[in-house]
1. Tell me whether segment B:22-29 contains one or more residues that are under 26 Å from residue A:254 (Cα atoms) and without any contact (Cβ under 8 Å) to a residue 12 or more places away in the chain.
2. I'm trying to understand the selection: among the residues of segment A:80-90, which are part of a helix (DSSP H, G or I) and either within 7 Å of chain B (Cβ to nearest Cβ) or under 15 Å from residue B:89 (Cα atoms) (or both)?
3. So, in segment B:151-163, of the ones that are over 12 Å from residue B:121 (Cα atoms) and within 13 Å of chain A (Cβ to nearest Cβ), which residue ends up farthest from the chain's Cα centre (by Cα)?
4. Considering only residues that are in contact with a helix residue (DSSP H, G or I) (Cβ under 6 Å, 6 or more places away or on another chain) and closer than 30 Å to residue B:36 by Cβ, look in segment B:231-252 and name the one that is surrounded by the fewest Cβ atoms within 10 Å (Cβ to Cβ).
5. Here is a check on your reading of the model: is residue A:93 within 14 Å of chain B (Cβ to nearest Cβ) and in contact with a strand residue (DSSP E or B) (Cβ under 8 Å, 6 or more places away or on another chain)?
6. If I filter segment B:192-211 for residues that are closer than 27 Å to residue B:115 by Cβ and touching a residue at least 24 places away in the same chain (Cβ under 8 Å), do I get at least one hit?
7. Looking at segment B:93-105, which of the residues that are more than 10 Å from every other protein chain (Cβ to nearest Cβ) and under 20 Å from residue B:167 (Cα atoms) is surrounded by the fewest Cβ atoms within 10 Å (Cβ to Cβ)?
8. In this structure, does residue A:107 turn out to be surrounded by 21 or more Cβ atoms within 10 Å (Cβ to Cβ) and either at pLDDT 85 or above or within 11 Å of chain B (Cβ to nearest Cβ) (or both)?
């Protein structure tokens, strides 16, 4: 048991290391990944300024853009990773090794979190400095708590998607495309979800990012505390408690199904 | 007797929307510890399917398989601890990382401590002669060095059973020779490990393997040492005939009584076809010659010693290339 745990931790660390090392080896990527989101944010901020929207909207967009960096990472680098590993022949090596698949996914997730946090922090700092967005943080620890819970819930969803991508390859690729913009919209990247119709808000509540984004904005921009956003915290805990075991179950199920049908390692299928 | 690798009536069926393919059809083999065992067959014969089942990547439809005494379905984790898998034509790893970094990463999948892993990596790189490329990004390595890296990865965890799926596919002659020599040394001298090798290169199987199983359409047709397999067909004669046309239809050969089988290799560069015909007696050869002369011009005729390809021809009636092409058409 202890030996297995050490082995899994080694694997998770090694996969994290690969992602961090690989992701930062070519600095021009870093620059592009930070500049492009700032340009997108700028467009929305100038639009709101032109419409004389409340000043807090600029802050909302900056926080939204910061958190969306994580969603993009989850969709394209986390969910799709096993699919790419399959295409390059790495998946076969993973599956033939005496290693927990969840440890590999955990490593991928942690690596993605480290890389994206660097980029997201740069977006947040650049955005608040350039557009002089005032932050009203009353409870920094609450901000950290909501951020961590959001990341856990969102990456747990990514782990779940990873199994689907692994099995359904190109079909799942389209699903990722389908998920990108609607989640941007539903979770309130462009504007706070309270302005959306109730039915749409209901659908938005199925996305963990909605609760995370709303919670972080309220703590950072509106200066609210844990007492005000307890519902967000509870929802994120529930999401994580459901999604993590579900991801583990899906991964086992998909692996067995893949081994039965021959889909995991035979690329022509 | 306990074998290192054992399969009993292994069947694997693939079902897709339009077709059902029986990739393995009752495969039973027993491989002893320390043996280098070759699976020889054309593309689509079932070699890779068998390796995937033995390395726990695929479930058999029916039948049983054991590696190191462990059931590959019920004790897959125990099997994974003692095996190494190297596939030719594949370049597992991360192109943006160096050769050394890639090997370190893969060592972690087997729970090796970093210091042990680094020592082992250094040793393997020296043995396989690519220390000078240790810091080079994998994506910038040549095919030959990528395959050395791939083999080093398979050996990192000191496996007792090594599965090699077409390990020299696409490599130049010298690199292929180097890797073959290294594998034989590893199995016979250093680790005394068991090797299951799939290949469609006859010379490779002949040179490396203690025993060879010839597999076709999911069935084992023969299983012996290369020497015995070749001796078994010594009663037949084999002639190499070069004809001047690249488009000559030689399918009539199979209809001549006394012809055991034949293979044909067409060369675009020379515009000729090289035939290898196996037959029973002189009178058959006279008929072959006269029939061929009616269709095309014979450029040269020479007698050859039996090879493993001839063993295959004697069992299937056709050469590897024709069989692979036929299977591709079937699929």
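1. no
2. In the first step, residues of segment A:80-90 are kept if they are part of a helix (DSSP H, G or I); the result is A:81-88, A:90.
If the condition is that a residue be part of a helix (DSSP H, G or I) and either within 7 Å of chain B (Cβ to nearest Cβ) or under 15 Å from residue B:89 (Cα atoms) (or both), then A:86, A:87, A:88, A:90 are the ones that fit.
3. Kept after step one, since they are over 12 Å from residue B:121 (Cα atoms), are these residues of segment B:151-163: B:159-163.
Next, only the ones that are within 13 Å of chain A (Cβ to nearest Cβ) stay: B:159, B:161-163.
Values: B:159: 20, B:161: 16, B:162: 14, B:163: 11 Å.
Applying the filter and picking the extreme gives B:159.
4. The residue in question is B:233.
5. It is true that residue A:93 is within 14 Å of chain B (Cβ to nearest Cβ) and in contact with a strand residue (DSSP E or B) (Cβ under 8 Å, 6 or more places away or on another chain).
6. The first filter runs over segment B:192-211 and keeps only residues closer than 27 Å to residue B:115 by Cβ, leaving B:192-193.
If we keep only those that are touching a residue at least 24 places away in the same chain (Cβ under 8 Å) too, we end up with B:192-193.
Yes, the conditions are met somewhere in segment B:192-211.
7. In the first step, residues of segment B:93-105 are kept if they are more than 10 Å from every other protein chain (Cβ to nearest Cβ); the result is B:99-100, B:103.
Okay, now just the ones that are also under 20 Å from residue B:167 (Cα atoms), so B:99, B:103.
On the way: B:99: 27, B:103: 24.
Among them, the one singled out is B:103.
8. Numbers: surrounded by 21 or more Cβ atoms within 10 Å (Cβ to Cβ): yes; either at pLDDT 85 or above or within 11 Å of chain B (Cβ to nearest Cβ) (or both): yes.
Here the answer is yes, as residue A:107 does meet what is asked.
The values are calculated or read from the model by the stated rules, or taken from the named source; none is laboratory data. Owing to the predicted nature of the structure, the values given are computational and were not obtained by experimental measurement. Note: ideal-geometry Cβ built from the backbone for every residue, glycine included; neighbour counts use all protein chains shown.
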